[in-house]
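Notes follow once the structure below has been shown.
The values are calculated or read from the model by the stated rules, or taken from the named source; none is laboratory data. Keep in mind it's a predicted model, so treat the numbers as computed, not measured. Heads up, the Cβs are rebuilt from the backbone with ideal geometry, glycines too, and the neighbour counts pull from every protein chain shown. Accessible surface areas use protein heavy atoms only, side chains included; no ligands, DNA or RNA. Shrake-Rupley method; radii C 1.70, N 1.55, O 1.52, S 1.80 Å.
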Amino acid sequence: MQTVYLSLGSNIGDKQAYLQEAVNLLGQNSAILIEKKSKVYQTSPVGGVPQDDFVNIALKLSTTLEAESLLEVIHDIEGKLNRVRAIHWGPRTIDIDILFYGTEKFREEHLTVPHKELFNRLFVLIPLMDILEEGFEYETQVKQAISKLEGKGQKIIEIPEEKTARKRIENAVRDILTAVGENPEREGLLETPERVAKMYEEILSSQKLTAFEEYKLFKIEATEQNQTILIKDIPFYSMCEHHMLPFFGKANVAYIPKDGNIIGLSKIPRLINYVSRKLSVQENITRDIAEILNDILQPKGVAVVVEARHMCIEMRGVKKGNSQTRTSFFSGEFEENRETRLEFLESLT
Ligand SMILES: Nc1ncnc2c1ncn2[C@@H]1O[C@H](COP(=O)(O)OP(=O)(O)OP(=O)(O)O)[C@@H](O)[C@H]1O
Ligand SMILES: Nc1nc2c(c(=O)[nH]1)N=C(CO)CN2
């Protein structure tokens, strides 16, 4: 087990949401335990590129991953969160740097630890100081670097916890508990607001993402003959925007490629996650899947059928248990050609 310190920064889109999503994705890795998270800081950009302010945090982890594998996990998360490497030290949705990997040293171009800019960056050192273990080998060096850099004009402003999304949800949940006649201070409910806030972060995690970018296109040989690619029974969970209650079920997606353009098969379930992890309605999810696939692939046709159970129907109102709602969306060949559409529908039965 190794203790690792990371620095995270974001300055595009909903910066705090990108940081939180990166923390969630790190935490979902079974070889990583997040031990401490620093306060959240708004920082002026360093490095000469004119750009928006950053939000920076630091994390302390325990991990069984080797440093190289941890770097791979980090690159994977950066990719998932739409990180584009365009300008050196330029704007980014997310940047994750390994500051320390225990006290080990690495001197490779692709992995330099301790991080080579660490002691020159106040936006890294101030969050790091929040979580640094007392007596850690580099503690004195970190403190000396902070005193050297402070007062040199870099703006580092702590964002009060009360303003973070998580705290705002926690406070709102406490209000709801009180309003429904509960006592948020009773033993069983003490940690409920925090759990609910974390749950919303997870199940509504695409709410603040700007676009679905987590895909790679491939080419196959284009043929005269139409070939249908069908992925059936992809499970999904979403939250209805009318009652904030779950609806969940299965999505079936088919497309007919044009010019040999295809998408990695695992990306379709990722697309389903992307459209469903937000407040929505089943009709929108169905249409969004089809429209995004049309945008990405410009195929000859797309067919989407979604079947779901809605807790807003089963638990409240008409209380019709176990009913299924089916929605479909067809475009291109699936819309124009009855045979193709029927063939797709038959393959679902
Ligand atoms: N300690 C480290 N943590 C993360 N990446 C590292 C580290 N040392 C070297 N690298 C390498 O740095 C490369 C460039 O990373 P990145 O694109 O995030 O740079 P940057 O954000 O422009 O600059 P910086 O890493 O100084 O913030 C990565 O491909 C990575 O392999
Ligand atoms: N304030 C701030 N400035 C930066 C940051 C950052 O995270 N915060 N990251 C950079 C490249 O890694 C370049 N400049």
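Positive-end ranking of Thr64, Phe248, Leu122 along the dipole of the chain, with charges on Cβ about the Cα centre, is headed by Phe248. Among 330-339, 55-64, 225-234, sorting by the average number of other beta carbon atoms lying within 10 angstrom of each residue, highest first, gives 55-64, 330-339, 225-234. Rg/Rh for region 152-244 stands at 1.21; both radii use Cα atoms, and Rh follows the Kirkwood definition.
Kindly state, to the nearest 0.05, the FRET efficiency for Lys163 paired with Arg326, given R0 = 30 Å and r defined as their beta-carbon distance. Please list the in-between numbers first.
Numbers: r = 42 Å, r/R0 = 1.42.
Efficiency, from the Cβ-Cβ distance: 0.10.
Rg and Dmax, both from the Cα atoms of region 9-66 and both in Å, are 13.2, 39. Note on the chain: the alpha carbon radius of gyration divided by the globular reference 2.2 N^0.38 Å gives 1.17.
Of all the Cα-Cα pairs you can form in region 79-159, what percent are over 16 Å apart? Display every interim value, and only then the final one.
On the way: 1955 of 3240 pairs.
Tail of P(r) above 16 Å: 60 percent of Cα pairs.
Dividing the Cα radius of gyration of region 41-194 by 2.2 N^0.38 Å, with N the residue count, gives 1.28.
Suppose all protein chains stay in the model; what accessible area per residue would a 1.4 Å probe give for the chain, in Å²? The partial results should precede the final answer.
Details: 18690 Å² over 349 residues.
That works out to 54 Å² for each residue.
Label-to-label distance, Ala222 versus Val46, with points set 7 angstrom from Cα along the beta-carbon direction: 5.0 nm. One chain, two ends: Gln141 and Lys319. Fully extended at 0.36 nm per residue, the span grows by 57.7 nm beyond their Cα-Cα distance.
Considering helices alone, the calculated mean residue ellipticity of the chain at 222 nm is -10500 deg cm²/dmol, with DSSP H runs of length four and up weighted by -39500 (n - 2.57) and normalised per residue.
What is the ratio of the Cα radius of gyration of region 217-346 to 2.2 N^0.38 Å, where N is its residue count, to two decimals? Could the numbers behind the result be given before it?
Working: Rg = 15.6 Å, N = 130, 2.2 N^0.38 = 14.0 Å.
With N residues counted in region 217-346, Rg over 2.2 N^0.38 Å equals 1.12.
Each residue of region 256-311 gets 82 Å³ once the volume of the Cα convex hull is shared out per residue.
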